[in-house]
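Here is the structure we will look at.
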Amino acid sequence: MRRALTLCLLLTLAGCSGGPATPGETGGESSPALGVTPPPPAQGQAEISHQQEERSTTVLFLGDSLSAGFGLASEEAFPALVAKVLAEQRIAIQVINAGVSGDTSAGGLARLDWLLRQQPDVVVIELGGNDGLRGLDTEVTEQNLRRIILRSRAAGTQVLLAGMQMPPNYGVDYQRRFAALYPKLAAELAVPLIPFLLEGVGGDPALNQPDGIHPTAAGQKIVAQTVARHLAKLLQ
């Protein structure tokens, strides 16, 4: 299992990575209005419930090939599946899938301002895996992710951070430092954290495509359940 997980993480995202490094890549989140007479209690409750059913939350998925659903139809990628899972819980969201295969934390940071113009309510940050696979300094990755979080919050957006892990052949020290940067940021900035995005999927041949790289449609469903569970907590 450990060897399979290693192969999966070595190739996942990196297989789609490419292009020049993005600049900045070194070494590579009522009360009724005054004067308004509230409706009778029963009618008011009915109207509020109706509004809650119709209201949806815009969720931006800022990620790499995992969010993009490499090798699959867009509706099979986990961002689209998360919307279906939450709909079953009567939580309506509108998805903006900004997953780009091969993207790094610096690449996500570079395109963040443009994406924030769409005024998402929540940004799910699924980045950093390619940084690790390229062996970039973990301090650089941490700095880029911190800036993404802070810029998103400055725009009035809530944040959900998805953690990743590196295989042991990158060295125990690097592996530990990389894995630690996500909970460190989550604690420092009080950000909800998905400990490991590929929990239950990474390293399982039955849940990955024939290339052994990206999750199959079944694997994406498991990832969607993981993300939906954490996103539901944030939205509720």
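Please verify whether residue 100 is β-branched (Val, Ile, Thr) and in contact with a Pro (Cβ under 9 Å, 6 or more places away or on another chain), treating the condition exactly as stated.
Considered against the rule, which asks whether it is β-branched (Val, Ile, Thr) and in contact with a Pro (Cβ under 9 Å, 6 or more places away or on another chain), residue 100 comes out as no.
Please work out which residue is nearest to residue 66 (Cα to Cα), limiting yourself to segment 154-168 and to residues that are surrounded by 16 or more Cβ atoms within 10 Å (Cβ to Cβ) and over 15 Å from the mean Cα position of the chain (by Cα).
The qualifying residue nearest to residue 66 (Cα to Cα) is 166.
For residue 132, indicate whether it is of a type in the set (Gly, Ala, Ser), within 19 Å of the chain's Cα centre (by Cα), surrounded by 16 or more Cβ atoms within 10 Å (Cβ to Cβ) and more than 24 Å from residue 87 (Cα to Cα).
yes
The conditions are (1) of a type in the set (Ser, Thr, Tyr); (2) modelled with pLDDT of 95 or more; (3) farther than 15 Å from residue 197 by Cβ, and residue 74 fails exactly one of them. Which is it?
(2)
Any residue at all in segment 141-158 that is of a type outside the set (S, T, N, Q), part of a loop (DSSP other than H, G, I, E, B), at pLDDT below 95 and closer than 24 Å to residue 59 by Cβ?
Scanning segment 141-158, I find no residue that is of a type outside the set (S, T, N, Q), part of a loop (DSSP other than H, G, I, E, B), at pLDDT below 95 and closer than 24 Å to residue 59 by Cβ, so the answer is no.
In segment 201-234, how many residues are under 27 Å from residue 148 (Cα atoms) and either modelled with pLDDT of 95 or more or among the small types (Gly, Ala, Ser) (or both)?
Here the count works out to 16.
This table checks each residue for (1) farther than 19 Å from residue 191 by Cα; (2) part of a helix (DSSP H, G or I); (3) at pLDDT 95 or above.
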| position | (1), (2), (3) |
| --- | --- |
| 58 | no, no, yes |
| 80 | yes, yes, yes |
| 103 | yes, no, yes |
| 110 | yes, yes, yes |
| 114 | yes, yes, yes |
| 118 | yes, no, yes |
| 124 | no, no, yes |
| 136 | yes, no, yes |
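Between 182, 174, which is farther than 19 Å from residue 102 by Cα and touching a strand residue (DSSP E or B) at 6+ places or on another chain (Cβ under 8 Å)?
From the options 182, 174, the qualifying one is 182.
Take residue 209 and decide whether it is surrounded by 15 or more Cβ atoms within 10 Å (Cβ to Cβ) and in contact with a Phe, Trp or Tyr (Cβ under 9 Å, 6 or more places away or on another chain).
Yes; evaluated as a whole, the condition is true for this residue.
How about segment 81-94: which of its residues are crowded, with 18+ Cβ neighbours inside 10 Å and either within 19 Å of residue 148 (Cβ to Cβ) or in contact with a Ser or Thr (Cβ under 7 Å, 6 or more places away or on another chain) (or both)?
Passing the criteria: only 93.
Could you grab me the full set of residues in segment 204-236 that are farther than 15 Å from residue 69 by Cα, under 16 Å from the mean Cα position of the chain (by Cα) and not polar (S, T, N, Q)?
228, 229, 230, 231, 232, 233, 234, 235
Just checking, which of 178, 196 is of a type in the set (Phe, Trp, Tyr) and closer than 23 Å to residue 59 by Cβ?
The conditions single out 196.
The values are calculated or read from the model by the stated rules, or taken from the named source; none is laboratory data. All values reported here derive from a predicted model rather than from experimental measurement. All Cβ positions, glycine included, derive from the backbone under ideal geometry; neighbour counts span all protein chains shown.
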